[in-house]
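Colleague: Quick one: the structure is below, questions incoming.
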Amino acid sequence: VSLKLGRLYRYVKLAVLGSLAAALVLNTHSLLASLQRNELSERRFLQLNKCPACWGTSWCRKFLNGQLRLESWGRLRLFDFFNVKNVYFARYGEPREGSRRVVLKRLGSAQELADIDTKICRRATGRGRCDLLQALHATEFASLNGDVRLLTPDAVEGWSDLVHCPSQRLLDRLVRRYAETKDSGSFLLRNLKDSERMQLLITLAFNPEPLVLQSFPSDEGWPFAKYLGACGRMVAVNYVGEELWSYFNAPWEKRVDLAWQLMEIAEQLTNNDFEFALYLLDVSFDNFAVGPRDGKVIIVDAENVLVADKRLIRQNKPENWDVWYESKFDDCDKEACLSFSKEILCARVTVDHNYYAICQNLLSRHATWRGTSGGLLHDPPAEIAKDGRLEALLDECAIPKKRYGRFQAAKELREYLAQLSNNVR
């Protein structure tokens, strides 16, 4: 049976390679043409015609002037079949600064982007297809017009993870730091142009990642990739480095340092001076990257981030608001599983969700990804394994045996990893 399966696998592999070769031969002329032209300067490729049902226009001049060019194979549309997430690598050039690598995102698959158009049409006309720009003016994205002074929680609550339980303080921050307007700095919604206001609301509803990056910027020490700008349905962010997954088999000392940084990120997002708790609802090796020079770990996928305002929770005092909440270990048969209640995350001041997510999905022996197990801290040196402290802390962080055990284990784990990696705190 295994021999037959092996032959079948080889036949399928050859068939796929043959199909690719045939496609390359049949499309040689168009492939050469795509290599020569710069699609990033084409309005159609950027889907600029969709605006204001788009992510923004702040970088359109740079795109249309040809300052951005897709790298190598990214220019071949044939490979879009494999690029399901619509993430591209490009070079961005400034006359005086030279060129640097950036990451371009459409913020969704081709189907997800088509679904946005369908949803807008259905909300406006009840039909799946329509004149998109005309339909926008019959939706809630246009109802918050220039007469509306503030973006309020009752208007957008539940639109996305970012605003599952928004406070006025959070929404003022989103508007004030909105980067797709020339007059940023004001929390008044009416100070935005109609097109800018609709772009902000559509981004908030369909993929709020750009707003997370803008509102909690890397320049202020937040562990997110730097937002650069947008044009149509293409967003540009700073290239950080290789994804965390590429360090799975790095030297032990390197993996210890990365693990310590991950626990520090969990702590920063949970407890900070701004009293915003940012909970990561999607944690996998692909959602983090490591800087090649400074070795710094950065979150590169921030679509699924829930922000809870601890000040508001203390003010409103919902039921059990001051009772520490312990997340439940999720022993599912899929990769990167997490168990959580958005309602509880929004209603408790002290929550261990971020420690749980990092320990379970990245660090402990329970972490599984791409057919591997053991987590980032797999195969420790003999003396570390014999001592047993690291394994005990990781187990308690993933599946606590004591009440509130994860809180204490996370604290001790951060200190222990700092000690192992010679980080003095």
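No value in this document is a laboratory result; all are computed from the given coordinates. These numbers come from a predicted model, not from an experiment. Virtual Cβ from ideal backbone geometry, glycine too; neighbours counted across all protein chains shown.
Colleague: Restricting things to alpha carbons, find the Rg to Rh ratio for the stretch 83-174 using the Kirkwood radius for Rh.
Modeller: Ratio value, two decimals: 1.09.
Colleague: Give the long-range amide H neighbours of Gly229: residues separated by 5 or more places, or on another chain, with amide H under 5 Å away, using H modelled in the peptide plane at 1.01 Å from N.
Modeller: Under 5 Å from the amide H of Gly229: Ala236.
Colleague: Can you report the principal axis dimensions of the stretch 283-365 using only the alpha carbons, biggest first, rounded to whole angstrom?
Modeller: Principal-axis extents of the Cα atoms in the stretch 283-365, largest first: 44, 32, 19 Å.
Colleague: By average Cβ neighbour count within 10 Å, what is the ranking of 51-61, 340-350, 140-150 from highest down?
Modeller: 51-61, 340-350, 140-150
Colleague: What does the extension gain come out to for Leu281 and Arg61, with contour length at 0.36 nm per residue minus their alpha carbon separation?
Modeller: 75.7 nm
Colleague: Å³ per residue of the Cα convex hull, for the stretch 140-264?
Modeller: That works out to 126 Å³ per residue.
Colleague: Turning to a different aspect of this structure: Compute the separation of the alpha-carbon centres of the stretch 117-153 and the stretch 159-194 and state it in Å as a whole number.
Modeller: Cα centroid of the stretch 117-153 versus Cα centroid of the stretch 159-194: 18 Å apart.
Colleague: Go ahead and run the numbers for FRET between Ser341 and Arg69, Cβ-Cβ distance against an R0 of 41 Å, rounding to 0.05.
Modeller: Between Ser341 and Arg69 the formula returns 0.35.
Colleague: Looking at the chain, which Cys residues are left with no other cysteine's beta carbon under 4.7 Å from theirs?
Modeller: There are none, since every cysteine in the chain has another cysteine Cβ under 4.7 Å of its own.
Colleague: Still on this structure, please answer the following. Per the Cauchy relation, a quarter of the hull surface: what is the mean projected area of the convex hull of the alpha carbons in the stretch 348-390, in nm²?
Modeller: Over all viewing directions, the stretch 348-390 projects a mean Cα-hull area of 3.9 nm².
Colleague: Only helical DSSP H runs with n ≥ 4 go in: add -39500 (n - 2.57) per run for the chain, normalise by residue count and round the 222 nm mean residue ellipticity to 500 deg cm²/dmol.
Modeller: -11500 deg cm²/dmol, from helical runs alone.
Colleague: Next up: DSSP loop (so not H, G, I, E, B), at most 15 other Cβ within 10 Å: list which trypsin sites (Lys or Arg not before Pro) in the stretch 85-128 pass both filters.
Modeller: Lys85, Arg96, Arg127
Colleague: What percent of all Cα-Cα pairs in the chain falls in each 20 Å bin, counting up from 0?
Modeller: 23, 52, 24, 1
Colleague: What distance in nm lies between label points placed 7 Å from Cα along the C-beta direction at Lys296 and Glu253?
Modeller: The two pseudo-label positions are separated by 2.2 nm.
Colleague: So, one more: Roughly what would the spin-label model give for Lys182 and Asp273, points 7 Å off Cα along C-beta, in nm?
Modeller: 3.4
Colleague: Taking only the alpha-carbon atoms of the stretch 242-424, what semi-axes of the equivalent ellipsoid follow from 5 times the gyration tensor eigenvalues under a square root, in whole Å, largest first?
Modeller: Semi-axis lengths for the stretch 242-424 are 27, 18, 16 Å.
Colleague: Here is a further query. Would you calculate the separation in nanometres between label points at Arg149 and Trp324, each defined as 7 Å from the Cα along the Cα-to-beta-carbon direction?
Modeller: With each label placed 7 Å out from Cα toward Cβ, I get 4.3 nm.
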